[in-house]
Amino acid sequence: MSHTFLLFNISGGEFILVALIFLVLFGPKQIPTMARSAAKVIKQVRNATNDIKREIMDSAEDQKLTEVKKTIEEGRDAFKEVTDSIKRGTKI
């Protein structure tokens, strides 16, 4: 039974081969620096994605609030029309 890495769908042997190629190409001193740099980039991308999601959610909430305010204003205007017509009706 072969275990695979879920993220990249590669087996253990393939992972070791890729690790060895990185080791030969970049050397043992550069790999930790590259890993830290990659982790920083991934963190920045996650933060940017979360910021975008937050802005979209805030915008959606603002839009919902605007719709609620509009509905309330329409109801208030309709209520004012009814009360005004009742006032006019009682004065006659």
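Read the figures in this text as sums done on the coordinates, not as results from a lab. Remember, predicted model here, so these are calculated numbers, not experimental data. Positions of Cβ are generated from backbone atoms using ideal geometry, with glycine treated the same way; all protein chains shown enter the neighbour counts.
Considering each of 41, 45, 68 in turn, give the residue that is more than 19 Å from the chain's Cα centre (by Cα), of a type in the set (Val, Ile, Thr) and part of a helix (DSSP H, G or I).
Numbers: 41 fails: more than 19 Å from the chain's Cα centre (by Cα); 45 fails: more than 19 Å from the chain's Cα centre (by Cα).
From the options 41, 45, 68, the qualifying one is 68.
Could you grab the pairs with beta carbons closer than 7 Å, sequence gap of 6+ or different chains, first residue in segment 25-54 and surrounded by 10 or more Cβ atoms within 10 Å (Cβ to Cβ), second one among the aliphatic types (A, V, I, L, M)?
Pairs that qualify, where the first residue is surrounded by 10 or more Cβ atoms within 10 Å (Cβ to Cβ) and the partner is among the aliphatic types (A, V, I, L, M), are 26/34; 31/23.
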